[in-house]
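For reference, the structure discussed in these notes is given below.
The values are calculated or read from the model by the stated rules, or taken from the named source; none is laboratory data. What you see is a predicted model; the values in this text were computed from it and never measured. Positions of Cβ are generated from backbone atoms using ideal geometry, with glycine treated the same way; all protein chains shown enter the neighbour counts. Each accessible area value is taken on the protein alone, full model and side chains, heavy atoms only, with ligands, DNA and RNA left out. Shrake-Rupley method; radii C 1.70, N 1.55, O 1.52, S 1.80 Å.
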Amino acid sequence: DGICTPESPIDVGNGTYKFNGRTIRDHNAQSGGYGTITVAQSIWYSSNVSIAKIVLKGYGNNPRKFIDGLHRTGIDADLNLDIAGAGHAKIRQPGDPQWSRMTLPWMSFGYEVQIPPINTLAFFNAIANDGRMMRPMFVKSIMRGSKELRVYEPEVLIPEICSKRTLKAVQEMMYNVVNHKDGTGKPARSSVVSIVGKTGTAQIAASKAAHNLSFCGYFPYENPQYSCIVVISRPRRGIASGGMMAGTVFKEIAEKVYSNQIRYDLRAMKPEAGRTLMPPIKNGEARSAQAVAKRLDVRTTPKRVDAEFTAYWRNGRRDTLNVRKLTVREGMMPYVIGMGAKDAVYALERCGLRVKLTGHGRVISQSVPSGQAVTRGQTIDIILN
């Protein structure tokens, strides 16, 4: 509405502001307050006094204009959620029985309104989405078997919640809430993904000692992909802080989600000095081993061995695997060193032998040397590691 710019100065003094017999306080009032700060800093530092003064200056004589502005942003939009019992935003109107001279400044920093977290999230999602507010979707389609009975499409609720200039200013403010050295959302700062957002600390009316803490934002800042809200109700330990408590949880969620989508082009990465040029291939069933070697483009000498079981080892040049046939026949102990448990047991039982396994991994020891005569039903001990 042109009431202020991000650079406009606001004097918050010692962090307290008396209005109509009531006192509005900043979280650092006991430390002396912030003095004179800009509108942008008011957001970074979560200054209740500054925001109240801005709103009173712009709308004190016309509170209806402020309420109409809230409606335009969509913060109280009917999201028409397909969830039974979903809450609806409630914003007081001038003329309501509960409206008083304190309502407007209290509303400016979140009190005397009821906004469900999903509405707050949809609002922040619109900030990340170039100002376009979307209806939250929980289901893409309803199916019976392989047939789609109903398909849900993305629905735009508000094409633009504000001007592009205002949107850019708000996005920068959200960035500094987390990334400025004195921002209240600093605990949400991550070295993995750039997070932006806003803290919230609200006292529960029924108990002065209880609070609802929140952090709402999106990531990554440069190319937003995800928006998220964390709400912690009635924390039992520590100092109630939306940044420290909810912001820290938000950070862990963001890093976990973002790490799952990181993809690297291995071809563009420099090889490590101690890299293994040839992957080890277990001895055993030949067809599977040859299929893996072919898929990985691993050179073998000879290229193909016509046998049911084969053994592999790296040759002197380290860029080729040698391969040889392993003989498996009844009456003679086969060579099972280097095989996995499945192939070793199969090969030994093909020879009519009983097998006793110890350990996991590859076979490192067999109780009877390969090539030695064995009798059907004889028990062979193999150790894997």
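What to note about this one:
For (1) open to solvent by 30 Å² or more (accessible area, probe 1.4 Å); (2) closer than 18 Å to P369 by Cβ; (3) assigned to a strand (DSSP E or B); (4) without any contact (Cβ under 8 Å) to a residue 12 or more places away in the chain, each residue gets a yes or a no:
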{"residue": "S288", "(1), (2), (3), (4)": "yes, no, no, yes"}
{"residue": "A291", "(1), (2), (3), (4)": "yes, no, no, yes"}
{"residue": "W313", "(1), (2), (3), (4)": "yes, no, yes, yes"}
{"residue": "V323", "(1), (2), (3), (4)": "no, no, yes, no"}
{"residue": "P334", "(1), (2), (3), (4)": "no, yes, no, no"}
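- Qualifying positions in the stretch 97-118 - part of a loop (DSSP other than H, G, I, E, B) and either more than 19 Å from L56 (Cβ to Cβ) or of a type in the set (F, W, Y) (or both): P97, W99, F109, Y111, I115, P116
- Filter pass, R150 being more than 28 Å from K53 (Cβ to Cβ), in contact with a helix residue (DSSP H, G or I) (Cβ under 9 Å, 6 or more places away or on another chain) and open to solvent by 50 Å² or more (accessible area, probe 1.4 Å): no
- Hits in the stretch 66-96 (condition: of a type in the set (V, I, T) and in a helix (DSSP H, G or I)): I67, T73
- Note on the stretch 155-202: among residues that are small (G, A, S) and under 20 Å from S42 (Cβ atoms), the one that is modelled with the lowest pLDDT is A202.
- Screening D26 with (1) open to solvent by less than 40 Å² (accessible area, probe 1.4 Å); (2) touching a strand residue (DSSP E or B) at 6+ places or on another chain (Cβ under 7 Å) gives one miss only, at (2).
- Any hit, the stretch 197-204, residues being under 21 Å from the mean Cα position of the chain (by Cα) and of a type in the set (S, T, Y): yes
- Test: residue in the stretch 58-65 that is in a loop (DSSP other than H, G, I, E, B), crowded, with 20+ Cβ neighbours inside 10 Å and out of contact with any Phe, Trp or Tyr (no Cβ under 6 Å at 6 or more places or on another chain): no
- Members of the stretch 1-23 found to be in a loop (DSSP other than H, G, I, E, B), open to solvent by less than 60 Å² (accessible area, probe 1.4 Å) and of a type in the set (S, T, N, Q), listed by number: S8
- R101 open to solvent by 40 Å² or more (accessible area, probe 1.4 Å) and more than 23 Å from K53 (Cβ to Cβ): no
- Residues of the stretch 344-385 classified as within 20 Å of K325 (Cα to Cα), in a strand (DSSP E or B) and of a type in the set (S, T, N, Q), total: 2
- Meets criteria (aliphatic (A, V, I, L, M), free of Cβ contacts under 8 Å to residues at least 24 places away in the same chain and surrounded by 11 or more Cβ atoms within 10 Å (Cβ to Cβ)) for M133: no
- Residues that are exposed (fewer than 11 other Cβ atoms within 10 Å of the Cβ) and charged (D, E, K, R) within the stretch 357-385 comprise just one, R376.
- Selection within the stretch 67-79 - under 15 Å from I3 (Cβ atoms) and either open to solvent by less than 30 Å² (accessible area, probe 1.4 Å) or polar (S, T, N, Q) (or both): I67, G69, T73
- For D297, the criteria (1) among the charged types (D, E, K, R); (2) at pLDDT 90 or above; (3) exposed (fewer than 12 other Cβ atoms within 10 Å of the Cβ) hold in every case but one, which is (2).
- Taking the criterion of being in a loop (DSSP other than H, G, I, E, B) and either open to solvent by 30 Å² or more (accessible area, probe 1.4 Å) or more than 29 Å from Q372 (Cβ to Cβ) (or both), the residues of the stretch 300-311 that qualify are P302, K303, R304, D306, E308.
- Checked against (1) among the hydroxyl-bearing types (S, T, Y); (2) surrounded by 12 or more Cβ atoms within 10 Å (Cβ to Cβ); (3) under 42 Å from the mean Cα position of the chain (by Cα), T327 passes all but condition (3).
- Of the numbered criteria (1) surrounded by fewer than 20 Cβ atoms within 10 Å (Cβ to Cβ); (2) assigned to a loop (DSSP other than H, G, I, E, B), the one Y34 fails is (1).
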